[in-house]
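J.: Structure incoming, see below.
No lab work stands behind these numbers, since they all come straight from the coordinates. Note that the coordinates shown come from a computational prediction; the quantities given were computed from them, not determined experimentally. With ideal geometry, Cβ positions are generated from the backbone for all residues, glycine too; neighbour counts draw on all protein chains shown.
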Amino acid sequence: MHAVDTTTIRPTNLVDAIGSAPAKLILCGEHAVVYGRPAIALPLEGIRARARVRLGAPHTGIVVFATSLRRRWRVAEDPNTPLNELILATVAQLAPGTLPDLRISIRSGIPIASGMGSGAAVATAIVRALAGSFGQKLTAATISSMVYASEQRFHGTPSGIDNTVIAFEQPIWYIRPPADGDAARPAPIIQPASIATPFTLLVGDTGVRSPTRAPVGEVRARWQASTTAYNCLFDNVALLAYRIRDCLAAGAIYELGPLLSQNHALLQQIGVSSPELDALVAAAMRAGALGAKLSGAGWGGVMLALATPETAPQIAYALKAAGARRVFETTVAPYSGAPAPDTV
Ligand code: PMV
């Protein structure tokens, strides 16, 4: 009896497949969400990461082409990076015991390390494309938890909000209850966030790349040093999140603006804003925004400003004049709160 050499087992029924996933914005509650407080996140349907999976030449293994980064690598050369681990884990789940020859091409319009969920979107697009290639369907919940495992490798203590909003592609209200001693952490509370009226957001990119891990780690150190003060800041963010949820559900856009600005003030106190973010927030407000705040982990990356269709052009102009490298405009559509279909 010879041992089976898994490298010789090639799945024969693979088809070319593509998968995509949206960018995301955190409307309120970043950082506090890591400490069990609620946050609201929105998918940005129009800004996406895309992955394409094709059958590779025999015995080439899995090769990844990151077109936007001008990088190419073989997964087997470094199987322990978070993304390579995710690819291998996904293949192991879809076709256990096989080592297929695949070419995975990635293209993304989402700025990297900017608070728009680039890493989670690329990971989700790859999992979707792999599932399509193996002719299988994975639920949004399954994809979300696979990407979460990979995010943990990147960020240490992610709340899980990025992978959730990106895999489910719907506005979400998200709470990750804190761990209670040694007991297993309760599952996150994920509810659709209902949106009564469309509203316009301008997203200004400072152009400063800021990997999530650094500000998240700094906030943890500060929380450990000044636990009462930081818990109080997080509680104040939570109060805003509840009020923001009510405004969205009621279509009270003019009340929403000041609440977003108050969230920015709390993020400044938490210590995750930066001169560049503050300059863009101030410029948006001077140009007539109803409210503005940084979005994501901070210290760089993006901010968002709430506009009306009338004020949007002047705010976009002001953001560029104040140094924004890129400005995206997005209209958040009304959303009934009904869950989206749970498919790949
Ligand atoms: O990864 P980013 O920059 O989109 O932001 C993550 C949001 C944080 O609340 C700061 C961290 C987390 O895991 O929720």
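J.: Treating only the Cβ atoms of Lys and Arg (+1) and Asp and Glu (-1) as charged, compute the dipole magnitude of the chain about its Cα centre; round to the nearest 20 debye.
T.: It comes to approximately 740 debye.
J.: Among Ile40, Ile18, rank each residue by its count of other Cβ atoms within 10 Å, from fewest to most, as a rough exposure measure.
T.: The order, fewest Cβ neighbours first, is Ile18, Ile40.
J.: If you project the alpha carbons of the chain onto the principal axes, what extent comes out on each, in Å, largest first?
T.: 73, 48, 37
J.: Further question on the same structure: May I ask you to derive the FRET efficiency for Gln136 and Ala196 from their Cβ-Cβ distance with R0 = 35 Å, giving the value to the nearest 0.05?
T.: Calculated transfer efficiency: 0.40.
J.: Can you classify segment 229-344 as rounded, prolate or oblate using the Cα gyration tensor, where a ≥ b ≥ c are the square roots of its eigenvalues, rounded means a/c under 1.5, and otherwise it's prolate if a/b beats b/c and oblate if not?
T.: Here segment 229-344 falls in the oblate category.
J.: While we're looking at this one, here's another question. Rounded if a/c is under 1.5, else prolate if a/b is larger than b/c, else oblate: which is segment 173-218, with a ≥ b ≥ c the root eigenvalues of its Cα gyration tensor?
T.: Oblate.
J.: Once amide H atoms are built 1.01 Å from N in the peptide plane, which residues 5 or more positions from Ala297, or in another chain, come under 5 Å H to H?
T.: Amide H neighbours of Ala297, under 5 Å, 5+ apart: Gly115.
J.: Related question: Between Thr157 and Ala187, take the C-beta separation as r, use R0 = 22 Å, and let me know the FRET efficiency to the nearest 0.05.
T.: Approximately 0.85, to the nearest 0.05.
J.: Per DSSP helix of 4 or more residues, -39500 (n - 2.57); summed, then divided by the residues of the chain. What does that give at 222 nm, rounded to the nearest 500?
T.: The helix-only estimate for the chain comes to -12500 deg cm²/dmol at 222 nm.
J.: Cα to Cα, under 19 Å, and not fewer than 8 places away if on the same chain: which lysines meet these conditions relative to Lys293?
T.: Lys293 reaches Lys24, Lys320.
J.: Subtracting the Cα-Cα distance from 0.36 nm times the residue separation, let me have the gained length for Thr67 to Asn80 in nm, one decimal.
T.: That works out to 2.5 nm of additional length.
J.: Taking every Cα atom in segment 116-187, find the radius of gyration and the maximum pairwise distance Dmax, and write them in Å.
T.: According to the Cα coordinates of segment 116-187, Rg and Dmax are 13.0, 42 Å.
J.: How do Asp180, Asp205, Asp162, Asp278 rank when sorted from fewest to most other Cβ atoms within 10 Å of their own Cβ?
T.: Ordered by Cβ neighbours within 10 Å, fewest first: Asp180, Asp278, Asp205, Asp162.
J.: Scanning the chain for helices, which whole DSSP H stretches are 27 Å or more long along the axis (Cα) and average -1.0 or more by Kyte-Doolittle?
T.: 227-250
J.: Obtain the radius of gyration and the Kirkwood radius of segment 1-159 from its C-alpha atoms and give Rg over Rh.
T.: For segment 1-159, the value is 1.00.
J.: Something else now. Amide H of Phe199 versus every other amide H placed in the peptide plane: which residues, excluding those fewer than 5 positions away on the same chain, fall under 5 Å?
T.: Residues meeting the amide H criterion: Val332.
J.: While we're here: What is the fewest-to-most order of Lys320, Lys24, Lys137 by other Cβ atoms lying within 10 Å of their Cβ?
T.: Ordered from fewest to most neighbouring Cβ atoms within 10 Å, Lys320, Lys24, Lys137 come out as Lys137, Lys320, Lys24.
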